[in-house]
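**Student:** Pasting in a structure now, in structure tokens, and then I'll have a few things to ask.
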Amino acid sequence: MLAPKSGSSLIQHSFRRFSSSSKLNISMAPKKVCIVGSGNWGSAIARLVGFNAERLPGRFEKNVSMWVFEEEVDGRKLTEIINTDHENVKYLPGRTLPKNIIAIPDIAEAAADADFLIFVLPHQFIKRACAPLIGKLKPGATGLSLVKGFAILPGGGIKLISDLISEEMGIPVSVLMGANLANEVADEKFCETTIGARDSEVGSDLKLLFQTENFRVTVVSDTQTVEICGALKNIVACAAGFCDGLKMGDNTKAATIRLGLKEMMKYGDTFYPGGNASTYFESCGVADLITTCYGGRNRRVSEAFVTRKKSIVDLETEMLNGQKLQGPETAAEVNYVLAAKGLEAEFPLFTAVHKICIGELQPEKLLDSLKNHPAHQ
């Protein structure tokens, strides 16, 4: 027969039970989701996230807040249009957003008490846009970056966007990258994506939040490789666009894509060793590279750069309706690192794209970087 517990022991025992129960309830409570960004890709993702948040009430809060940079469209505020007409008429016209997507112009208000923060805005704006969130996020919050590109360090060099967000916000950050052209995702055409998450439980939650019948998710733990694929493929897409503008043909374009993939893998091995080579064959790698080299904005603008003889900046303004190109800027960021380490000759395609974008090299010279590539030695 057990001896009766003393009063203090009973209190401690009860407290431990209460504490354990409270932690369980907190972990089992529906999680609040905030989307940080509302452009073309952010709005397409909102369709998936809003749908899943509503159909899984035990896992996620129904209403999903979406931070929207406030601007006027035909005399009306964009947040008002989204919250009343349920459409982002500027960045995703013609597609309805779920009614549980709530547009909020104040980023701190949108992110208040969020368990998951989905960052989906141009990488150039991350630091400035997210500054109001520093020190204000819910304890235990987790981030997910859909941002493709690198962050430029003040003293030179680059870092992964997920690392930047994690350091600035003080939260762990997973990544989502894949062959996911925004308009096709919004139109519910079948595709795949890759989530890189070091925490398997977080990866499971994120898969539930994003996966639908036509948007299939694979989760891997190799987050760095997933992320660098999402950034570097835009450089290769510029090269593919130059090929198209120069009417080089499909064989040359295929060679460009293959050699671009080789440079992506070499870059990963050189600067982020320890990654898994198989990750390059997930949606974030070869699949995203293919779709971006045939259908993405970086390819389109790069083709126009050759055929219309205008600057990248002018074409971006004319063709993208306020969206930003990532390929030329990523090429510049990567070239800074390669030049500083004397590695430009080992990455001739990346180097040529950068020099073409800034006017130091004629687009026709891209072919030289392919013919004399180290892969042929």
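**Student:** For the stretch 205-279, which GluC sites (Glu not before Pro) are both in a DSSP coil and crowded by at most 16 other Cβ atoms within 10 Å? Walk me through the intermediate numbers first.
**Tutor:** Values: sites: Glu213, Glu227, Glu263; in loops: Glu213.
Counting only loop positions with at most 16 other Cβ atoms within 10 Å, the GluC sites (Glu not before Pro) in the stretch 205-279 are Glu213.
**Student:** Given a cut-off of 22 Å, name the pairs among Lys138/Lys233; Lys266/Lys341; Lys159/Lys266; Lys136/Lys324; Lys189/Lys310; Lys32/Lys99 whose C-alpha atoms lie farther apart than that in the structure shown. Intermediate results must be reported in sequence, preceding the final value.
**Tutor:** Values: Lys138/Lys233 34 Å; Lys266/Lys341 14 Å; Lys159/Lys266 17 Å; Lys136/Lys324 28 Å; Lys189/Lys310 33 Å; Lys32/Lys99 16 Å.
The answer is Lys138/Lys233; Lys136/Lys324; Lys189/Lys310.
**Student:** Which residues among the stretch 33-47 fall inside the zone where the amide N is under 19 Å from a point 7 Å beyond the Cα of Glu201, along Cα→Cβ?
**Tutor:** 33
**Student:** Mean 1/r over all different Cα pairs, inverted: what Kirkwood radius does the stretch 142-269 give, in Å? Before the final figure, lay out the partial values.
**Tutor:** Working: mean 1/r = 0.0622 Å⁻¹.
Mean inverse Cα-Cα distance, inverted, gives 16.1 Å.
**Student:** Relative contact order for the stretch 148-267 using alpha-carbon pairs under 8 Å, separation at least 6, rounded to a whole percent? If you can, show how the numbers build up before the last one.
**Tutor:** Working: 151 pairs, mean separation 25.3, N = 120.
Taking the mean separation of contacting Cα pairs over the length of the stretch 148-267, I get 21 percent.
**Student:** How would you classify the stretch 338-377 from its alpha-carbon gyration tensor, with a ≥ b ≥ c the square roots of the eigenvalues: rounded for a/c under 1.5, else prolate if a/b is greater than b/c, otherwise oblate? Don't jump to the answer; show the numbers that get you there.
**Tutor:** Values: a/c = 3.21, a/b = 1.10, b/c = 2.90.
Since a/c reaches 1.5 but b/c is at least a/b, the shape of the stretch 338-377 is classed as oblate.
**Student:** Residue-wise, which Karplus ³J(HN,Hα) couplings in Hz belong to the stretch 206-212, taking 6.51 cos²θ - 1.76 cosθ + 1.60, θ = phi - 60°, and x for glycine or proline?
**Tutor:** 5, 4, 4, 5, 10, 6, 10
**Student:** Cα-Cα pairs above 38 Å in the chain: how many percent? Each step should come with its number before you reach the end.
**Tutor:** Numbers: 15901 of 70876 pairs.
Percentage above 38 Å: 22.
**Student:** I would also like to ask the following. How much area per residue is accessible in the chain when the probe is 1.4 Å and only protein heavy atoms are counted (Å²)?
**Tutor:** Values: 17370 Å² over 377 residues.
That works out to 46 Å² for each residue.
**Student:** Over the chain, what percent of the accessible surface lies on carbon and sulfur atoms, probe 1.4 Å? Provide the component values of the computation, followed by the final result.
**Tutor:** Working: 9140 of 17370 Å².
That share works out to 53 percent.
**Student:** Within the stretch 139-212, report the chymotrypsin sites (Phe, Trp or Tyr not before Pro) that DSSP leaves as loop and that have at most 16 other Cβ atoms within 10 Å. Please report the intermediate quantities before stating the final value.
**Tutor:** On the way: sites: Phe150, Phe190, Phe210; in loops: Phe190.
Sites meeting the loop and neighbour criteria: Phe190.
**Student:** Taking θ = phi - 60°, what integer Hz values does the Karplus form 6.51 cos²θ - 1.76 cosθ + 1.60 yield along the stretch 355-369, in sequence order, with x for Gly and Pro?
**Tutor:** Listing the rounded values in order: 5, 5, 5, 9, x, 7, 9, 6, x, 4, 6, 4, 4, 4, 5 Hz.
**Student:** Rounded to the nearest 5, what % of the DSSP beta bridges within the stretch 92-222 are antiparallel ones? Show your work: numbers first, answer last.
**Tutor:** Values: 7 of 20 bridges.
If I count the DSSP bridges inside the stretch 92-222, around 35 percent turn out antiparallel.
The values are calculated or read from the model by the stated rules, or taken from the named source; none is laboratory data. Just so we're clear, the structure is a prediction, and the values are computed from it rather than from any experiment. Glycine also receives a Cβ, built like all others from the backbone with ideal geometry; neighbour counts cover every protein chain displayed. When the accessible area is computed, the model is the full protein with side chains, heavy atoms only, and any ligands, DNA or RNA have been set aside. Shrake-Rupley method; radii C 1.70, N 1.55, O 1.52, S 1.80 Å.
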